[in-house]
1. Counting other Cβ atoms within 10 Å, which GluC sites (Glu not before Pro) in the range 240-277 have at most 12 and lie in a DSSP loop?
2. For K214, which aspartates and glutamates qualify as cross-link partners when the Cα separation must be under 12 Å and same-chain residues fewer than eight apart are set aside?
3. Can you give me the relative contact order of the range 14-117 as a percent, contacts being Cα pairs under 8 Å and 6 or more apart?
4. For the range 129-198, restrict the atom set to alpha-carbon positions and state the Rg and Dmax in Å.
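Computed from the coordinates by the stated procedures, all read-outs in this text should not be read as laboratory data. No experiment lies behind these values; they were computed from the predicted model shown. Because the Cβ atoms are built from the backbone with ideal geometry, glycine has one as well, and the counts that use them run over all protein chains shown.
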Amino acid sequence: MSKGFAPSVASAPSATAQKLRQSFIERFEALEDPRVKRQPEHLLVDIVAIAILAVLSGANDMVAVATYGKAKQSWLETFLALPNGIPSHDTFSRVLALVDPQQLQESFLSWVQQLTEQLEINLIHLDGKTARGSYDRERSLRALQTVSAWASEHHLVLAQHRVESTSNEITAIPELLNLLDLDGAIITLDAMGTQRESAAQIREQGGDYILALKGNQGTLHHAVKTFFQEAERTQWATLDYSYSSTTEAGHHRIEHRQVWAVPLSQVPELPTHQTWSGLATVVMVSATANCGTRRPMRCASTSAVCQLRPVCWPKRSAPIGASKIACTGCWMSPFGKTRVGFAAVMVLKTWASYGVWP
């Protein structure tokens, strides 16, 4: 259980409170109330709203949700009806267990989309994670696995989709993509997600892609790797390419990344490249990490394929995003702690914790 929450500050202005109330009503009022009681003491939209805000503020069980509600009651009353005050933790537990999870997910994602409409989201990372401690040995249940869509520019989880126990990330990625508006966005995927079907779906939904290329695409990976090895040997002579480098400090090390992007027209014909929708560029990333007292260590260079042409790289996002894919095989995000159930919308955490609407 969370230890506590900051006390509420002054009530939000009436116009702001009305705006927040309207956003919850519009997105969650369509939820079917599973309770059979004709006149329940607490409105379903109030229960769901408090639960969401509590989880965003760090609550990890129903007792913590109720504690959050009581601590923030004066602020919550500015935009929620709360006809009988804050529900008990038993009420939160009972009602949320009865709500249709699919309806709740759709309503929540709709609410997040409404809040992010004003944001310019250019780069979306798709990555799978296993929830630590979710394995149930007694019931022989596998650990909970999810695939998340992460907008790194805003530290925002856009959507999550559960990976079925009898399947893997490859089958969950198309379902997650269907939940997202990809128009104009760049989608990055690790090696497991590098599939022709995923590339085609991203294109159909109006997005661009950067896909990590490893051994699971054996023939194509070998051809691209051989090309870059020869390019390094000849010091990139006669090649038309784009180059970008970044240096970042974090996790007790300084890492220097170099990115080379070469248009497909400069590469000898690659096997099966026609089957990749819109393939336009191959990329190589090389990284050197300095861990203080240790001498610099060079990470293995890795390749990626993408739909973007070198001249279309965004100023920072795409090269950095591609380099993090290539050097780690997945995304290394400093805000990588995501919650199962309600996605941890980091950008909302401040006002949810302190009762302040931006």
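1. Within the range 240-277, the qualifying GluC sites (Glu not before Pro) (loop, at most 12 other Cβ atoms within 10 Å) are E269.
2. Counting by Cα, and skipping residues close in sequence, K214 has these aspartates and glutamates nearby: D190.
3. Relative contact order, the range 14-117: 40 percent.
4. According to the Cα coordinates of the range 129-198, Rg and Dmax are 13.6, 46 Å.
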